[in-house]
C-alpha cells in the first residue's frame, strides 16, 4: 500500500478536513518545503482518494507518494502531480534534526519525534 504526504489548501478548512477523514488512517505531521512551514498529513490510499474527491487538495501542485516497495528499509518516494504523472525523487528516510534543518524540505512526525527527508 502506498501512502501520501499532503498539505490541505486552506488551513481554515482544517477542522472540516479532520472531521471528514476521522474514519480513515492518517497521521498529523509538520513539514517544511522551501522554507515554508506547513501542517501536513500522512494518508493511506483510501484517505487520499477521499480527500481529493472532497476537493481539499485541489490547489496542491503535487503530493509526496511513498511506495510500499522499499530499498534498505526506506520507502521509494515520488512526486505525484495533480493530473497523474509521477517522478521518482529518492528514498524517504529518517535523519537527525540538524540534518533535516539543512534541507529544502523535511517532515517531522510529531508522535515519534523523528525527522524525515527524501534523499
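Every read-out reported here was derived from the displayed coordinates using simple, explicitly stated rules and does not represent laboratory data. Quick caveat, the model's predicted, so the values are computed rather than measured. Cβ: placed from backbone, ideal geometry, glycine included. Neighbour counts: every protein chain shown.
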TODO: Pairs of Cα atoms under 8 Å, at least six residues apart: use those to get the relative contact order of the chain, whole percent.
DONE: 26
TODO: Give me the distance in nm between label points sitting 7 Å out from Cα along the Cα-to-Cβ direction at residue 39 and residue 60, one decimal.
DONE: 1.4
Task: Using a Förster distance of 22 Å, the FRET efficiency for residue 86-residue 14 (Cβ separation, nearest 0.05) - done: 0.25
- [ ] Could you work out the Kirkwood radius for the chain, taking every pair of different alpha carbons, averaging 1/r and inverting it, reported in Å?
- [x] 14.6
Open item on the list: Take residue 1 and residue 98, extend 7 Å from each Cα along the Cα→Cβ direction, and tell me the distance between the two endpoints in nm.
Closed with: 3.7
Task: Distance between modelled label sites at residue 22 and residue 67, nm, 7 Å Cα→Cβ extension - done: 3.7
